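The block underneath contains the structure these notes are about, expressed in structure tokens.
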Amino acid sequence: MTVYTYSGTLADFGAAPFPTAKPRLWVSPLQDAFGPDGGVHAARQVPIPVSTGGSFDVALVASADLTPPTRYSLRCEWLDAAGIVRGWAQWDFTAAIGGGLIADMTDQIITRVWWGTEPPPVQRTGIYWIHPTTGDVREWVE
């Protein structure tokens, strides 16, 4: 089975890796699929270690090599010092054959949900904000 390395750097919009929170990062396929070698791949979370500088790598089967072709979801939960989830972000992407930087797949990345007590740092159509205390859900529009 051929896997490729997909990389990135996790940071806030001030370009800091994670100034006041500890990230828990993982990737999971959006559906179960069959691999090119006849393998049966289950849609489970694959944990991704994040360096103190925010960089990460994950080995995946390319989306086009799966049947049916399957997109992935990269998700980060931000934990405080007590291990309590304080927010999360999610990006869906198509894993290109050959791997590479996820940020280079910008036309294929979709940010969908922001969960936290503060509004999302980028406000544009298609981002939903879920407030953890009130349960309010808002869609940001341009």
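The values are calculated or read from the model by the stated rules, or taken from the named source; none is laboratory data. Just so it is clear, the structure is predicted and the values come from calculations on it, not from any experiment. Neighbour counts are summed over all protein chains in view; Cβ atoms, including those assigned to glycine, are modelled from backbone coordinates with ideal geometry. These area figures cover heavy atoms from the full protein model, side chains too; ligands, DNA and RNA do not enter into them. Shrake-Rupley method; radii C 1.70, N 1.55, O 1.52, S 1.80 Å.
Computed values, structure above
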{"read-out": "Residue list for the range 58-90, restricted to those being of a type outside the set (Ser, Thr, Tyr), closer than 13 Å to Gly35 by Cβ, over 14 Å from the mean Cα position of the chain (by Cα) and open to solvent by less than 50 Å² (accessible area, probe 1.4 Å)", "value": "Val61, Ala62, Asp65, Leu66"}
{"read-out": "Residue ID - farthest from the chain's Cα centre (by Cα), chosen from residues in the range 25-34 that are free of Cβ contacts under 8 Å to residues at least 60 places away in the same chain and assigned to a loop (DSSP other than H, G, I, E, B)", "value": "Asp32"}
{"read-out": "Criterion (without any contact (Cβ under 8 Å) to a residue 60 or more places away in the chain and among the acidic types (Asp, Glu)) met by exactly one of Asp65, Asp57, Asp80", "value": "Asp57"}
{"read-out": "Of residues in the range 1-11 being in a loop (DSSP other than H, G, I, E, B) and surrounded by fewer than 16 Cβ atoms within 10 Å (Cβ to Cβ), the one modelled with the highest pLDDT", "value": "Val3"}
{"read-out": "From Arg75, Arg86, residue being outside any loop (DSSP other than H, G, I, E, B), at pLDDT below 85 and among the basic types (Lys, Arg)", "value": "Arg86"}
{"read-out": "Test: Trp91 is under 23 Å from Ile130 (Cβ atoms), in contact (Cβ under 8 Å) with a residue 60 or more places away in the chain and part of a strand (DSSP E or B)", "value": "no"}
{"read-out": "Residues of the range 13-24 satisfying the condition of being surrounded by 15 or more Cβ atoms within 10 Å (Cβ to Cβ) and part of a loop (DSSP other than H, G, I, E, B)", "value": "Pro17, Phe18, Ala21"}
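Residue by residue, here is whether (1) at pLDDT 90 or above; (2) among the aliphatic types (A, V, I, L, M); (3) within 19 Å of Thr9 (Cα to Cα); (4) part of a strand (DSSP E or B) holds:
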{"site": "Pro36", "(1), (2), (3), (4)": "no, no, no, no"}
{"site": "Arg44", "(1), (2), (3), (4)": "no, no, no, no"}
{"site": "Val50", "(1), (2), (3), (4)": "yes, yes, yes, no"}
{"site": "Ile97", "(1), (2), (3), (4)": "no, yes, no, no"}
{"site": "Thr106", "(1), (2), (3), (4)": "no, no, yes, no"}
{"site": "Trp115", "(1), (2), (3), (4)": "no, no, no, yes"}
{"site": "Thr133", "(1), (2), (3), (4)": "no, no, no, no"}
